[in-house]
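Peer 1: A single structure is presented below for examination.
The values are calculated or read from the model by the stated rules, or taken from the named source; none is laboratory data. In this text the structure is predicted, and so the values were computed from the model without any measurement. Positions of Cβ are generated from backbone atoms using ideal geometry, with glycine treated the same way; all protein chains shown enter the neighbour counts.
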């Protein structure tokens, strides 16, 4: 890992002060800065591990911001504390939704993006629970509001979810229905979902259902890619697809 192009920022309090976010790792662009993407790790992980992967990608125009989730009691672990973007009892769209927790994490992502220059395209991506938070952020960006009704001010240009699911999918239709501007934003937001058919942690069917829920609620610029033997991790083939999709969706000019 090259320390010349990476840096670490200390943690910050979540809105409301409930939990403290951990360290944020930043991978700076090696070429002309054209886009900034906040990338969110999975349950029990941290921002450092993904920053090392993202730094190796042939995307010199992207700045990556890799925050670390707060340590909180997690229901799926019987209440044992772990880094988590929100509380979860089931790694699927079927579980109960911790709207307060996921709103807090989506707000943290928006805050990290809000200080970027106005000419920079903004995105959010993640793996597993990080992907779930990224997809939730996509729905907030389209709706213009968080789940609690507060305004969501960041306009996203790209969203990536690997091996994840869509939280709060049951309430999505009510959020967007009848709101002309929200429908327009949903239709134009590029989203890439990738999922392995061998995933035994977040089952493949949950990735498929999440894609269907987004499409049926007007997210028309959605690409869903599947990988036959991929379990709950990433592989070079998947990351190559992510790179190609980001170059095309963000219209990156090269070096």
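Peer 1: State whether one or more residues within the stretch 134-144 are surrounded by fewer than 24 Cβ atoms within 10 Å (Cβ to Cβ) and modelled with pLDDT under 95. Explain how you work it out, then say what you get.
Peer 2: Initial filter on the stretch 134-144 (surrounded by fewer than 24 Cβ atoms within 10 Å (Cβ to Cβ)): 143-144.
If we keep only those that are modelled with pLDDT under 95 too, we end up with 143-144.
Within the stretch 134-144 (the criterion being surrounded by fewer than 24 Cβ atoms within 10 Å (Cβ to Cβ) and modelled with pLDDT under 95), the answer is yes, since at least one residue qualifies.
Peer 1: Okay, next question. For the stretch 112-121, what are the residues that are over 18 Å from the mean Cα position of the chain (by Cα) and assigned to a helix (DSSP H, G or I)?
Peer 2: none
Peer 1: Mind counting the residues in the stretch 70-106 that are assigned to a helix (DSSP H, G or I) and either touching a strand residue (DSSP E or B) at 6+ places or on another chain (Cβ under 7 Å) or more than 18 Å from residue 159 (Cα to Cα) (or both)? It would help to see each step written out before you state the result.
Peer 2: From the stretch 70-106, those assigned to a helix (DSSP H, G or I) are 75-77, 99-106; that's our starting set.
Keeping just the survivors that are either touching a strand residue (DSSP E or B) at 6+ places or on another chain (Cβ under 7 Å) or more than 18 Å from residue 159 (Cα to Cα) (or both) gives 75-77, 99-101, 104.
Residues meeting the conditions: 7.
Peer 1: Okay, next question. Can you name every residue in the stretch 184-216 that is under 20 Å from residue 124 (Cα atoms) and in contact with a helix residue (DSSP H, G or I) (Cβ under 7 Å, 6 or more places away or on another chain)?
Peer 2: Hits for the stretch 184-216 are 185, 186, 189, 190, 191, 192, 193, 194, 195, 210, 213.
Peer 1: Which of the following residues is assigned to a strand (DSSP E or B), touching a strand residue (DSSP E or B) at 6+ places or on another chain (Cβ under 7 Å) and crowded, with 22+ Cβ neighbours inside 10 Å: 109, 124? Please lay out each step first, then the result.
Peer 2: On the way: 109 fails: assigned to a strand (DSSP E or B).
Going through 109, 124 in turn, the sole match is 124.
Peer 1: Among the residues in the stretch 219-230, are any in contact with a strand residue (DSSP E or B) (Cβ under 9 Å, 6 or more places away or on another chain), surrounded by fewer than 14 Cβ atoms within 10 Å (Cβ to Cβ) and at pLDDT 95 or above? Steps first, answer last, please.
Peer 2: As a first pass, look at the stretch 219-230 and keep what is in contact with a strand residue (DSSP E or B) (Cβ under 9 Å, 6 or more places away or on another chain): 219, 221-230.
Still in the list and also surrounded by fewer than 14 Cβ atoms within 10 Å (Cβ to Cβ): 228-229.
Next, only the ones that are at pLDDT 95 or above stay: 228.
So far as the stretch 219-230 goes, yes, one or more of its residues are in contact with a strand residue (DSSP E or B) (Cβ under 9 Å, 6 or more places away or on another chain), surrounded by fewer than 14 Cβ atoms within 10 Å (Cβ to Cβ) and at pLDDT 95 or above.
Peer 1: Just a yes or no: is a residue in the stretch 54-64 assigned to a helix (DSSP H, G or I) and within 25 Å of residue 189 (Cα to Cα)?
Peer 2: Filtering the stretch 54-64 down to residues assigned to a helix (DSSP H, G or I) leaves 54.
Narrowing the set further to residues that are within 25 Å of residue 189 (Cα to Cα) leaves 54.
Yes, the stretch 54-64 contains at least one residue that is assigned to a helix (DSSP H, G or I) and within 25 Å of residue 189 (Cα to Cα).
Peer 1: Would you be able to say whether some residue in the stretch 27-34 is touching a helix residue (DSSP H, G or I) at 6+ places or on another chain (Cβ under 9 Å), surrounded by 18 or more Cβ atoms within 10 Å (Cβ to Cβ) and either at pLDDT below 95 or under 21 Å from residue 102 (Cα atoms) (or both)? Spell out the reasoning first.
Peer 2: Step one: of the stretch 27-34, the residues touching a helix residue (DSSP H, G or I) at 6+ places or on another chain (Cβ under 9 Å) are 27.
Narrowing the set further to residues that are surrounded by 18 or more Cβ atoms within 10 Å (Cβ to Cβ) leaves 27.
So of that shortlist, the ones also either at pLDDT below 95 or under 21 Å from residue 102 (Cα atoms) (or both) come out as none.
No, that holds for no residue.
Peer 1: Also, quick follow-up: Exactly one of these conditions fails for residue 66: (1) surrounded by 23 or more Cβ atoms within 10 Å (Cβ to Cβ); (2) more than 19 Å from residue 164 (Cβ to Cβ). Give me its number.
Peer 2: (2)
Peer 1: Do we have residue 168 as surrounded by 16 or more Cβ atoms within 10 Å (Cβ to Cβ), closer than 27 Å to residue 64 by Cα and either free of Cβ contacts under 8 Å to residues at least 24 places away in the same chain or out of contact with any strand residue (DSSP E or B) (no Cβ under 9 Å at 6 or more places or on another chain) (or both) here? Before the answer, list the steps.
Peer 2: Values: surrounded by 16 or more Cβ atoms within 10 Å (Cβ to Cβ): yes; closer than 27 Å to residue 64 by Cα: yes; either free of Cβ contacts under 8 Å to residues at least 24 places away in the same chain or out of contact with any strand residue (DSSP E or B) (no Cβ under 9 Å at 6 or more places or on another chain) (or both): yes.
So residue 168 passes the test.
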